[in-house]
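The values are calculated or read from the model by the stated rules, or taken from the named source; none is laboratory data. Please read these numbers as outputs of a predicted model, since none were measured by experiment. Note that each Cβ is placed from the backbone with ideal geometry, even for glycine, and that neighbours are counted across all protein chains shown.
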Amino acid sequence: MLTAANNDLLTRVGPGTPMGELMRQYWIPACLSEELKPDGEPMRLLLLGEQLIAFRDTDGRIGVMEHRCPHRCASLFFGRNEEGGLRCIYHGWKFDVEGNCLDMPNVPPAQDFKHRVKAKAYKVVERAGFVWTYMGPRQEAPPLPNIEILMLPEAERFTRVHQRECNWFQSLEGDIDTSHFGFLHIGGLKVEDVDPNTIHRWGVGDRAPDYKATETEWGTMYAAYRPADPGTYYYRFAHFLFPFITFTPNGSFEDQIACTLNVPMDDTHTMTYNVAWKQKTRPLETLANGDWIPGLAPDMKFLPNTNDWYGRHRLVARRENDYFIDRDMQKNVNYTGIQGIGRQDQAAVECMGEIVDRSLEHLAPSDRMIALTRKRLLTAAQELMNEKKVPATVDNPDIYRGARGGAFIASAKLDWLDAYAENLQTAKSPLGLLTRMALAAE
């Protein structure tokens, strides 16, 4: 369980909050690059509790700024995006992507003071199909994260995005809770249903593994492990990486080049991005005959986007319609009666409420990673607040290169961290970025 005070510290991300200030030390994915067109309409953007406007100017440059015009606070969402800037429709004041005031057409030239007015604007860069923004206090922004999947060419990766109506950490906890996979997603599956040659069959046959977890320079990591063939263990590794990134275990460790970003819109809404290498091995998702495991086939349909603050990337299946749960399917076809692995996750994390009351919990050994990650985040937020100390990954993004999620088989004689280091030696890295940890015997 978590006290109400610590739960508040963990979940609140607005300006001035300890967790919000921790996140503002990093570059934040604001939106997808494809969402902004040159001289296109401005887009409302809710990020870390701040109401912003994003737009792409005539020359393709992107601005992310406070939505209120610094003149009389009319919303720049209604502005005219034209000729290299965004012009407020109220009095015609115009601003470039850096917030500089370019024009005050309602002020006589002799009284013009545009050089003394600036809209609050954040630094912006584009990479890996994302618009990244830095909302922190530094004049010189820190480096972008050196995470391989977020550096691959567009042709080699795919990106999925959807909004979740819950707190960011609620969403993230689902990524680092490995034991739910054997129930929420494959609860009705039997070992004889799957390919006898897949290593993932061991996870079907044993749904109560043992766990190891530890803090790392990049955040936290854990392994769930259970006996496989004699003298071996089947491992599933996953990671939390500051400030809101996860590497999940559902796939082959050798080529699981992927990540999930749980970006807080505000305290009660999260934009979740799943990014993966197109050449990675498919995880456990089919039966021995090649058909989809009942209930796992994706079925993500979206509502039309609207212009309100919460109007982007909303799923049709949602809390209001109980995620289209089918009780006949639940009895006869799959464990949940909910179609699609993404929708199942969505239902689980949203049904707790917008911000779950963690004082009501009774954590189990399977929640070791969750408890450790909470502690890691709370400590980091408090160290920033009290000592002005930032996590090492803020200034050294190469630290991320030591993390890789996924499953493998290893000798039961190996320590879990040695097994991890050994498998890093042969893991694929298309850009050569993976840090190969030294083996204990070397």
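What the table below lists for this structure:
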| quantity | calculated |
| --- | --- |
| Checking residue 212 against (1) closer than 15 Å to residue 179 by Cβ; (2) in a loop (DSSP other than H, G, I, E, B); (3) not hydrophobic (A, V, I, L, M, F, W, C), the condition it does not meet | (2) |
| Subset of the stretch 310-335 (residues that are closer than 20 Å to residue 270 by Cβ, surrounded by fewer than 16 Cβ atoms within 10 Å (Cβ to Cβ) and either of a type in the set (A, V, I, L, M, F, W, C) or at pLDDT below 95 (or both)) | 316 |
| Selection count where residues are on the phi > 0 side of the Ramachandran plot and among the hydrophobic types (A, V, I, L, M, F, W, C), scope the stretch 344-396 | 0 |
| Among (1) farther than 18 Å from residue 341 by Cβ; (2) over 15 Å from the mean Cα position of the chain (by Cα); (3) crowded, with 16+ Cβ neighbours inside 10 Å; (4) not acidic (Asp, Glu), the one test that residue 189 misses | (1) |
| Criterion: out of contact with any helix residue (DSSP H, G or I) (no Cβ under 9 Å at 6 or more places or on another chain) and within 19 Å of residue 144 (Cβ to Cβ) - qualifying residue of 36, 52, 76 | 36 |
| Residues satisfying the stated conditions in the stretch 118-148, i.e. aliphatic (A, V, I, L, M), within 24 Å of residue 402 (Cβ to Cβ) and within 17 Å of the chain's Cα centre (by Cα) | 128, 144, 147 |
| Candidates 414, 377, 372 - the one that is farther than 18 Å from residue 24 by Cβ, modelled with pLDDT of 95 or more and in contact with a helix residue (DSSP H, G or I) (Cβ under 9 Å, 6 or more places away or on another chain) | 414 |
| Index of the failed condition, residue 77 passing every other in (1) part of a strand (DSSP E or B); (2) within 14 Å of residue 40 (Cα to Cα); (3) aromatic (Phe, Trp, Tyr) | (1) |
| Residue 123 over 30 Å from residue 218 (Cβ atoms) and either crowded, with 19+ Cβ neighbours inside 10 Å or in contact with a strand residue (DSSP E or B) (Cβ under 8 Å, 6 or more places away or on another chain) (or both) | no |
| Residue, farthest from residue 35 (Cα to Cα), within the stretch 89-104, restricted to residues that are touching a helix residue (DSSP H, G or I) at 6+ places or on another chain (Cβ under 6 Å) and part of a loop (DSSP other than H, G, I, E, B) | 104 |
| Verdict on residue 24 being within 24 Å of residue 397 (Cα to Cα) and not hydroxyl-bearing (Ser, Thr, Tyr) | yes |
| Residues that are of a type in the set (Asp, Glu) and under 16 Å from the mean Cα position of the chain (by Cα), drawn from the stretch 265-314 | 266, 267 |
| Test set (1) within 25 Å of residue 147 (Cβ to Cβ); (2) of a type in the set (S, T, N, Q); (3) at pLDDT 95 or above - residue 268 fails condition number | (1) |
| Conditions (1) modelled with pLDDT of 95 or more; (2) over 19 Å from the mean Cα position of the chain (by Cα): number failed by residue 349 | (2) |
| Residue count, the stretch 419-436 (criterion: among the charged types (D, E, K, R) and touching a residue at least 60 places away in the same chain (Cβ under 8 Å)) | 1 |
| Near pairs, Cβ below 8 angstrom, 6+ apart or cross-chain, from the stretch 62-73 (within 9 Å of residue 120 (Cα to Cα) and not assigned by TED's automatic domain parsing to the domain that holds residue 135) to any residue that is of a type in the set (Lys, Arg) and modelled with pLDDT of 95 or more | none |
| Any hit, the stretch 127-136, residues being crowded, with 22+ Cβ neighbours inside 10 Å and small (Gly, Ala, Ser) | no |
| The stretch 315-326, subset under 22 Å from the mean Cα position of the chain (by Cα) and in a helix (DSSP H, G or I), residue nearest to residue 182 (Cα to Cα) | 323 |
